[in-house]
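Worksheet for the structure shown next.
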Amino acid sequence: MTQSNNSFGTQQTSPGSADARMLTSMIQRVHDPVVARIFLSTLEQYPDLQLQFFGAYLKAQETVKRSQMRYAKARDFGIAAMRAKNSAVACCLLVMRSCMGLVRLLQKEHVKAKCRKAFREAHLSPGSNVICLPKPLKATGTDR
């Protein structure tokens, strides 16, 4: 029976050696924040291992702290970017509203100029002495 197990390439391992291999694998990957958190929680459950792997324990703590600092820095950068975006949007809206107001004003002035020109062309003959009021269609109070 042991011969058939060896032919398939399986090895008989004890639970202790599997745990040792897993622990060794975790220590090799302690620079990963997720693995470091798992490693720290494991060492908190087993304080005797904490003293045995004190260097890896310190490296895991450092990894977690650096991860937290990177996260905080990225969060601050994201907040600053959001504020800059909101400011840029507000500036664009202000410029757009100003341009729209200017276009409306220019349209009104263009219509007024067109009306004045049409009125002059229709009612004035060349060389006549007639004064044009700015708003000829508005009543002056003497027309009753």
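The values are calculated or read from the model by the stated rules, or taken from the named source; none is laboratory data. Just so we're clear, the structure is a prediction, and the values are computed from it rather than from any experiment. Cβ coordinates were reconstructed from backbone atoms using ideal geometry, including for glycine residues, and neighbour counts include every protein chain displayed.
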For this session: State all residues of region 15-33 that are under 17 Å from Ser67 (Cα atoms) and among the charged types (D, E, K, R); if no residue qualifies, say none.
Result: Arg29, Asp32
For this session: With the checklist (1) under 30 Å from Met22 (Cβ atoms); (2) modelled with pLDDT under 85; (3) of a type in the set (Gly, Ala, Ser) in hand, flag the one item Ser41 doesn't pass.
Result: (2)
Problem set entry | Residue, farthest from Val34 (Cα to Cα), within region 46-70, restricted to residues that are out of contact with any Pro (no Cβ under 9 Å at 6 or more places or on another chain) and of a type in the set (Ser, Thr, Tyr) | Tyr46
Exercise. Yes or no: Phe77 surrounded by 10 or more Cβ atoms within 10 Å (Cβ to Cβ) and either modelled with pLDDT of 95 or more or basic (Lys, Arg) (or both)?
Worked result: yes
